[in-house]
1. Using each residue's phi in the range 29-39, evaluate 6.51 cos²θ - 1.76 cosθ + 1.60 at θ = phi - 60° and report the 3J(HN,Hα) Karplus result to the nearest Hz, with x for Gly and Pro.
2. About the Cα centre of the range 7-403, what is the dipole size in debye to 20, counting +1 per Lys and Arg Cβ and -1 per Asp and Glu Cβ, all else neutral?
3. Quick one: which of 85-91, 393-399 comes out on top by average Cβ neighbours within 10 Å, and what's the full order, highest first?
4. The range 91-151: which trypsin sites (Lys or Arg not before Pro) are DSSP loop and have at most 14 other beta-carbon atoms within 10 angstrom?
5. Between D355 and K330, what is 0.36 nm times their sequence separation minus the Cα-Cα distance? Round to one decimal in nm.
6. Taking H as built 1.01 Å from N, whose amide H comes closer than 5 Å to the amide H of K98, not counting residues under 5 places away?
7. Subtracting the Cα-Cα distance from 0.36 nm times the residue separation, let me have the gained length for L167 to Q194 in nm, one decimal.
8. For L290 and R45, calculate 0.36 nm times their separation in residues minus their Cα-Cα distance, and state this gained length in nm to one decimal.
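What follows is calculated from the coordinates using simple rules that are stated; it is not laboratory data. Keep in mind the model is a prediction, meaning the values are calculated, not measured. All Cβ positions, glycine included, derive from the backbone under ideal geometry; neighbour counts span all protein chains shown.
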Amino acid sequence: MRHTPTNIDRTRASACEKFGKVAFTTKNISDLRKKSDQTGIPIQRLMDWSIDSVHELRDKEQRVKNFYEHRLRKDPDNWFLLPPAHDYWSQFKTEDKKRKNKVQTSGLHEIDPVLWCIRLIQAGILPDKVTYEIVDGQRRDIPPEQQSIQHLLATLFTHDAHEDFPLSARARLLHDYKQALGIDTRHPISAREQFELDSLLFHADATDAITFKLKKYDGLSSDGFGKTFEESCFKNDNRQLYSQAMIPNWAAIAAKGVDRMGGMIMRFDQIPDTFTYERQKEYYDETEELFMYQQVLENMQQRYPELDEFFEIVNANFGIAFRAIGAGLKLHTGKPKEHPNPESVGVWYDPEMLDKASWGRKYIELDLSPMYKLQTNFGHMADRKPRQSGIHADLERQFKPYIADHPITPIQHTTRIRRIEPQAAIA
């Protein structure tokens, strides 16, 4: 069940129309009509896809909650940030908020990587704690309040909050979390509360570090909602400075790696031409500069040895998605000059890369698999644009033995590493 809507959403409630058990605002419906006109896809089909994405969100959100509630009962000292992080996220990512394609619910952008990382924790790939880093060849112990792997999950929940929502800011985050944790700094606090407060401050630092731009209000738009503008956190939108700011905070750089990996995988999806060729190429080039040339993830493997396997998996999925997107761009219909021989465009991978990208796959549901999502999205594109069918066939053929190892049904939480039993599918 979703969280109680915020006051902002209650003001919009009268504008909602009900389709089944999923609410559509008048803006959602207007956006779907425009998308239907642009793409030729019947509006009812777009609505069905949108409803499916909300049901998917609710299912995955419950899986996340099942995990952290179980861990919280077993080990309250290392999992207390997850409930307030979940609540904070739910204030802004209500079900009516949609992704850039105007169809899928936006909350999957955070829930998917959170749940994927949870499965890596359960598979024994992500450690329960990150206890040290290597800087200039010297080992540095990480303070106890900054060690829990909960920081990665909490940062994934909040990584876009400041950038996407004008009401979200460090002060708001600290206020809401302290209220949820029962910390009142107007009075002397206990050692336990101090530990939680210090953990919270590290989480706030991670959320700040991963934020590239802030969204702010600038009056009201014609529909009565907030008119916003973006303000860069870095001079001249310098992404080099942005990358450097994240590196000292392990939770921020780990979350950013997962976030950008997901962004690459979702560049093409079931909704055609969400992004122009120029925007796709800009994102591709930006990823190449920040993550491929600079080898940020490889460097993080050396800096945070306990996260070595994790960064290895993220980096392998990066490479897989990067090559597929590069091939897709060669055949993009918006490209100024069409490729003369689309049959010659393909993508091939070293089996070792595919194996690394899918480490822990026997403990990760199919609907969380980065490779499966990438293959599925290229399948949607190939259905619309036969020129891309060769790329999809390449992915399908090479991914098949690895995708086959993923369980189809949700798995139940367990404290025993590398032994996770399947449970009945959630309808």
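1. For the range 29-39, the Karplus-derived couplings read 5, 4, 5, 5, 4, 5, 5, 5, 5, 6, 9 Hz, x marking Gly and Pro.
2. Numbers: 56 positive and 61 negative charges, 233 e Å.
That gives a dipole near 1120 debye.
3. On the way: 85-91: 21.1, 393-399: 18.1.
Peptide ranking by packing, descending: 85-91, 393-399.
4. Working: sites: K93, K97, K98, R99, K100, K102, R119, K129, R139, R140; in loops: K93, K97, R99, K100, K102.
Answer by residue number: K100.
5. Details: separation 25, 0.36 × 25 = 9.00 nm, distance 2.64 nm.
Extending this stretch completely gives an extra 6.4 nm.
6. Residues meeting the amide H criterion: S106.
7. Values: separation 27, 0.36 × 27 = 9.72 nm, distance 2.67 nm.
Computed gain between L167 and Q194 is 7.1 nm.
8. Details: separation 245, 0.36 × 245 = 88.20 nm, distance 3.77 nm.
Contour length minus the Cα-Cα distance gives 84.4 nm.
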